[in-house]
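A short worksheet on the structure shown next.
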Amino acid sequence: MPFLKVENLSLKLENKSILREISFTLDKGETLLIAGRNGSGKSILLKALKGLEKSKGDICLDGEILTKTKDRMRSFSIVFQDTELQIVGTTLYRDVLFGLENLEMDNIEARANEALKEFGLYKIKDRNPDELSGGEKRKLSIASLMATEPKILLMDEPFANLDWPSSKTLIKAIERLKEKKVTIIIVSHEADRILSLTDRTLILKNGEKIWEGASKDSLDELRKNDIYIPENSRFEDLKWL
Ligand SMILES: Nc1ncnc2c1ncn2[C@@H]1O[C@H](COP(=O)(O)OP(=O)(O)OP(=O)(O)O)[C@@H](O)[C@H]1O
Ligand SMILES: [Mg+2]
């Protein structure tokens, strides 16, 4: 049985069909790339999984059907495309601590410090997050979530605003989570850069799944759907680090 099974997920907003009968499965520890043009429904799909948007269809995690919003909220952690929605603490340190406290985790001070160090934010941990740059905010929101060791991590454009060293930090962090068998769903326009990190790929178009399969077999489908993959690259060439 797959770890995550999404079946016929559909969603309407203001009477407009935004997602239509999306189904896919993921095994524990697998990483899925969701690709698609602007407005294809990627962010809404992540929000529906998390229970932030009301949808039809079933989500089954680890053998349990998640019918209640509360269960979805608890099971999925999400890094939003818009980091402003994410940051709640009055300092960086408190922001990371907040999520850990909510989940009643142990060793929260040590975990918070470790997460801030990993993303190079420790030196500015007492600053007000409002004063951070776009990239710093993104790193903070990712650090806060990764510290909570989620079962499934949803990331919406995690590379947006990140410079090259920060992107490398993020890739290393994703690799580390993969080693820990965390299941990850990444929405990204940088398919060429992260494809090799992922096991499976799902392509959305106008709210419909038009392709899903092993990432190593996805290059031609991605190209066909106007998602940038360098012309002569093979899957093995797409390594970023
Ligand atoms: N509250 C809303 N009411 C009606 N339509 C909405 C609402 N929110 C989003 N949409 C529509 O849903 C569709 C999917 O939006 P979504 O944010 O999921 O796109 P996306 O694939 O994440 O795009 P991008 O790559 O630009 O981030 C878009 O056409 C958008 O206009
Ligand atoms: Mg989006």
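Pairs over the 21 Å Cα-Cα cut-off, from the set Lys117/Lys137; Lys12/Lys47; Lys5/Lys151; Lys151/Lys180; Lys54/Lys180: Lys54/Lys180. Spin-label model, Lys56 to Lys216: label points 7 Å out along the Cα-to-beta-carbon direction sit 3.9 nm apart.
Within the same chain, aspartates and glutamates fewer than 8 places from Lys56 are excluded, and of the rest, those with a Cα less than 17 Å from its Cα are Glu7, Glu14, Glu21, Glu64, Asp71, Glu208.
3J(HN,Hα) along the range 141-147, derived from phi through the Karplus expression 6.51 cos²θ - 1.76 cosθ + 1.60 where θ = phi - 60°, amounts to 5, 5, 4, 4, 6, 5, 4 Hz, with x in place of Gly and Pro. Exposed loop sites here are trypsin sites (Lys or Arg not before Pro) assigned a DSSP state other than H, G, I, E or B and surrounded by at most 11 other beta carbons within 10 Å; excluding them, the longest clear run of the chain is 69-179.
Taking each DSSP H run with n ≥ 4 as -39500 (n - 2.57) and averaging over every residue of the chain yields -9500 deg cm²/dmol at 222 nm.
The HN-Hα couplings worked out from phi for the range 227-237 by the Karplus form 6.51 cos²θ - 1.76 cosθ + 1.60 (θ = phi - 60°) are 9, 5, 9, x, 3, 9, 6, 9, 3, 5, 7 Hz, whole numbers, x standing for Gly and Pro. The simple spin-label model puts a point 7 Å past each Cα toward its Cβ; for Ala160 and Met73 those points are separated by 2.4 nm. Multiplying the residue separation of Asn206 and Val88 by 0.36 nm and removing their Cα-Cα distance gives an extension gain of 39.2 nm.
DSSP finds beta bridges in the range 105-241, and of those with both partners inside it, around 55 percent are antiparallel. The DSSP beta bridges internal to the chain are antiparallel in roughly 55% of cases. Length gained on full extension, Ser233 to Glu149, computed as 0.36 nm times the residue gap minus the Cα-Cα distance: 26.8 nm.
Bear in mind these aren't lab numbers, they're just calculated from the coordinates by the rules spelled out. Just so you know, these numbers come straight off a predicted model, no measurement behind them. Glycine also receives a Cβ, built like all others from the backbone with ideal geometry; neighbour counts cover every protein chain displayed.
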